[in-house]
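The values are calculated or read from the model by the stated rules, or taken from the named source; none is laboratory data. Predicted model only: the values in this text are computed from it and were never measured. All Cβ positions, glycine included, derive from the backbone under ideal geometry; neighbour counts span all protein chains shown. The area values use the complete protein model at the heavy-atom level, side chains included, leaving out ligands, DNA and RNA. Shrake-Rupley method; radii C 1.70, N 1.55, O 1.52, S 1.80 Å.
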Amino acid sequence: MKRIYLKTACIFIALATLNSCNNDTENVNPADNNDEISAEVIQKMKEVNFNTDYIKKVSFKNLNGVIENVYEIEGDVTISHEELMNTGTQEETSQKGTNKASRQYRTYNLVSAPRTIRVVGYTGGANALSATARTGLSYAVNNYNALNLTIKMELVFGTQFNDSDIVVYRTTDTNDVPADGIRGRAEFPRSNGLPGHWVRINAGANNSSDDQIIEGLMTHEIGHAFGLRHTDWNTRQSCGQSGEAADPVGAVFIPGTAGASNDPSSIMNACFPGWVQGELSNYDKIALQYIY
């Protein structure tokens, strides 16, 4: 069975990532200083149920030329120090007094809805999406728009992205996304209600001729940008790894879904199998329709 090692979100909704600003400056935050992860950051990661076994500091240059210093979590998601520390706990963000046991797992920052989201597939220079990648991205956008959610995507291809909500491009920065395999990386929704901004795929993905696999990669990474966590966040069993023990703090169950690590067909598993063919599973759809 072919498995796609992307690393990417579930039936769990997630937290936010934010990273950029001036073209000529570098973001400065506690993630900059050295490779050591502070006890404060590890504790905050635990509070919001991120897997603390796979945290590291990374930096990447976005298409604006800004160096972003962030934490990489769960293999394919990045989050800034500011957004991490601003993330609420379940008790702080409990909605409508709902009993914890009645909910499926999700976290807190979501895209404000209703909203039309402008997605740009980048076509300029070394960062341009290939023809196959553009097709896969189009299929992924269709997957979400077909659900009639309160968030709709409007996809364009080009080099102008200043007014965009999500930018999808091929990264040449192997410090950001390793060059081997078919991989992507995204950001969770920002605390201002916007989706994660940068979706990056590596050269292996961009050079692929399999538009179904790339559809799956794009669908998975956009899922992160909308707030979905890995379906198997608590075990990472799809990758043959281990996750965090389930904890009611920081992960809110979404009604009607299979629960953590119980949907092998989910496009949001950390490493989804090739036979998924790029499509959202039934439980993925239920989760998105419940949230949006």
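Condition check for Ala146 on (1) open to solvent by less than 60 Å² (accessible area, probe 1.4 Å); (2) of a type in the set (A, V, I, L, M, F, W, C); (3) at pLDDT 95 or above: one failure, at (1).
If you filter segment 197-225 down to residues that are more than 23 Å from Leu84 (Cβ to Cβ) and hydrophobic (A, V, I, L, M, F, W, C), you find that the one that is surrounded by the most Cβ atoms within 10 Å (Cβ to Cβ) is Met218. Residues that are at pLDDT 75 or above number at least 2 in the following helices (runs of 4 or more DSSP H) confined to segment 2-96: 39-47, 81-85. Scanning segment 112-143 for residues that are more than 26 Å from Asp173 (Cβ to Cβ) and open to solvent by less than 30 Å² (accessible area, probe 1.4 Å) yields one hit, Asn143.
Free of Cβ contacts under 8 Å to residues at least 40 places away in the same chain and at positive phi - does that describe any residue in segment 192-211? No: zero hits. For segment 157-188, filtering for residues that are among the polar types (S, T, N, Q) and in contact (Cβ under 8 Å) with a residue 40 or more places away in the chain leaves 5. Number of residues in segment 226-244 that are surrounded by 24 or more Cβ atoms within 10 Å (Cβ to Cβ) and part of a loop (DSSP other than H, G, I, E, B) equals 6. Just one of (1) at pLDDT below 90; (2) at negative phi fails for Gly240. It is (2). Taken over segment 158-177, the criterion of being out of contact with any helix residue (DSSP H, G or I) (no Cβ under 6 Å at 6 or more places or on another chain), open to solvent by 50 Å² or more (accessible area, probe 1.4 Å) and closer than 29 Å to Ser209 by Cβ is satisfied by Thr159, Gln160, Thr174, Asn175. Considered as a group, the residues in segment 247-280 that are over 29 Å from Lys44 (Cβ atoms), part of a loop (DSSP other than H, G, I, E, B) and open to solvent by 10 Å² or more (accessible area, probe 1.4 Å) include one that is modelled with the highest pLDDT, and that residue is Leu280.
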